[in-house]
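Enquirer: Provided herewith is a single structure, encoded as structure tokens, for subsequent inquiry.
The values are calculated or read from the model by the stated rules, or taken from the named source; none is laboratory data. All of these numbers come straight from a predicted model, not from anything done at the bench. Ideal geometry is used to build each Cβ from the backbone, glycine not excepted, and the neighbour counts take in all protein chains shown.
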Amino acid sequence: MSTFKGDRDLMSTATQDRMPSGSAPVPNDRANELIVLEKATGGTLATLSFIDLDILNAAAESARAALGSWSSLPYTERCALLLSLAQCLEARADSLTELIMRETGSIRGKAEYEVAGAIQEIHAAIAIARRPRGEVLNSASPGRYSTSIRQPVGVVAVLTPWNFPLILAIRALAPALALGNVVLLKPSPETPLSGGIEIAEMVELAGFPVGVVQVLVADLEESRALIAHPEVDMVHFTGSTAVGAEIAKTTGALLKRVSLELGGNNALVVLDDVDLEIATSIGAWSTFHYQGQTCISASRHIVHNSIVEQYTAQIAERARNIVVGDTMTDGTNFGPMINTRQRDRAARLLKESVEMGAVIVEGGTYDGLFFRPTVVTGVTPDMPLFAEEVFGPIVPITSFSTIDEAVSLVNDGGYGLANSILTADATRGSEIASRIRSGMVHVNDATCIDEAAAPFGGIGQSGLGGRSGGEANYDEFTERKWLTVNHDRPEYPY
């Protein structure tokens, strides 16, 4: 049973004894204090303390010490512990849903999706652990038995963002553990409860050995130290392109394995043959889902010029009818942005684009962290709303006249995460999809879709490394080793 009851002390005695995280008592040095806020009300959910470098070093050493016994466990035992973790999530589903709503400012449906999706990710990880560990290779030497086997990468640092804190932690943690790695999990300071502390408690309850999973509530200096730590074999980061580029520099200099799932200036292409009722519903959801604060939100609506006026009017009407407020209140279906920094950035992109000639059709205002769903037309490629990932509840609409022009607009800018094409002709949509440079393309669906069994990730500024999900996790969290056994005496000239 979860201990979440609103304002509370999150740290159970068991977690304090186990986890070198924000579990220690808050020190007298208030600079080391982290106050976790309820985003809609500004109330305090918890007060934690950041780790220091001594705790980080102890955690890394503990992880290294645990790696050998954990990776040598039969996969059935690792899977049994993961199944127990999934059962802990199921038992806490209601309280986890409420915590996510309060900590992230999301609607209930989004929070429920996170909990259900995290459970699915664990089951998918269990399945991947059961697959064969390698393959028998052909060999030119008759007496040589040649194989390719998989082995764990080792100690994996998982750094997660604030927008989907639970599922994005579990998405990396579960397959890494299933395949024999140990994990140092660093959640965002915006969402350390649902993204870390609750996971630590459930890992404890599930019975995982000491050191296999450790949650580190870290500030900037300690986060950088974690990435560069000599005991960390791999860094798995989900977050902004700018931070990902910084991590890539560090890991590149250290020749350390890295997986980066980064931002996406995603496009929703609307062709001239669509049903506008369906298209504007998909478009509104693609951008306004969780206030536009996801890497797979639609940041650009690229609409055929023959229907752009009708599309704009109808999606503006949908935006106008959205109820904004505290998502813990009945009838509210759109919550606050995560913080003033994100709000101000969205407002700046909007202001600068309007100064360049874009026109606000709906919204464009905010009250505190509550930013009205906004629709802007007349957006051109030279405007900030087109060139930059918005990460806010703004629909920027750009028109096109030819398919070649639409494809060029989508591919402009270097991002390549999740794009969508809406058309009455699925074959035509598939042909256009083949010309789009991105990790994911959806025909006649929203940009913001995700499944546990699908390979999730991008190219260019949207990602560096592998993919998460299903079979892709096997490549993500294992190394290949070529192993040969010679049954005959080899003949060499020396």
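Enquirer: Please go through the range 99-112 and pick out each residue that is under 16 Å from THR294 (Cβ atoms), in contact (Cβ under 8 Å) with a residue 24 or more places away in the chain and surrounded by fewer than 24 Cβ atoms within 10 Å (Cβ to Cβ).
Expert: Passing the criteria: ILE107, LYS110.
Results for (1) touching a residue at least 40 places away in the same chain (Cβ under 8 Å); (2) hydroxyl-bearing (Ser, Thr, Tyr); (3) under 30 Å from GLU112 (Cα atoms), shown as yes or no for each residue.
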| site | (1), (2), (3) |
| --- | --- |
| GLY263 | yes, no, yes |
| ASP272 | no, no, no |
| THR280 | no, yes, yes |
| GLN293 | yes, no, yes |
| VAL303 | yes, no, no |
| GLN310 | no, no, no |
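Enquirer: Same structure again: Could you tell me whether ASP382 is in the same structural domain as VAL308 (by TED's automatic domain parsing), outside any strand (DSSP E or B) and of a type in the set (Asp, Glu)? Even if it seems obvious, please write down each step before you answer.
Expert: Details: in the same structural domain as VAL308 (by TED's automatic domain parsing): yes; outside any strand (DSSP E or B): yes; of a type in the set (Asp, Glu): yes.
Taking the combined requirement at face value, the residue satisfies it.
Listed here are the residues, each with its yes/no results for (1) within 16 Å of the chain's Cα centre (by Cα); (2) part of a loop (DSSP other than H, G, I, E, B); (3) outside the structural domain of SER188 (by TED's automatic domain parsing).
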site	(1), (2), (3)
PHE237	yes, no, no
VAL258	yes, no, no
SER281	no, no, yes
SER299	no, no, yes
SER306	no, yes, yes
ILE315	no, no, yes
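Enquirer: Looking only at the range 412-455, count every residue that is more than 19 Å from LEU276 (Cβ to Cβ) and either modelled with pLDDT under 95 or in a loop (DSSP other than H, G, I, E, B) (or both) and tell me the total.
Expert: So the answer is 20.
Enquirer: Yes or no: VAL354 over 22 Å from the mean Cα position of the chain (by Cα) and either within 29 Å of LEU271 (Cβ to Cβ) or surrounded by fewer than 20 Cβ atoms within 10 Å (Cβ to Cβ) (or both)?
Expert: The answer is yes for VAL354.
Enquirer: Let me ask something additional. Checking the condition closer than 20 Å to ALA58 by Cβ and surrounded by fewer than 24 Cβ atoms within 10 Å (Cβ to Cβ), which residue from VAL243, VAL212, VAL258 passes? First the steps, then the outcome.
Expert: On the way: VAL243 fails: closer than 20 Å to ALA58 by Cβ; VAL258 fails: closer than 20 Å to ALA58 by Cβ.
Answer to the selection: VAL212.
Enquirer: Ok, one more. Report those strands (runs of 3 or more DSSP E) wholly inside the range 138-224 carrying at least 1 residues which are within 19 Å of TYR75 (Cα to Cα), hydroxyl-bearing (Ser, Thr, Tyr) and out of contact with any helix residue (DSSP H, G or I) (no Cβ under 8 Å at 6 or more places or on another chain). Even if it seems obvious, please write down each step before you answer.
Expert: Working: elements: 144-152, 155-159, 182-186, 213-215.
Once the strands (runs of 3 or more DSSP E) in the range 138-224 are filtered for at least 1 residues that are within 19 Å of TYR75 (Cα to Cα), hydroxyl-bearing (Ser, Thr, Tyr) and out of contact with any helix residue (DSSP H, G or I) (no Cβ under 8 Å at 6 or more places or on another chain), what remains is 144-152.
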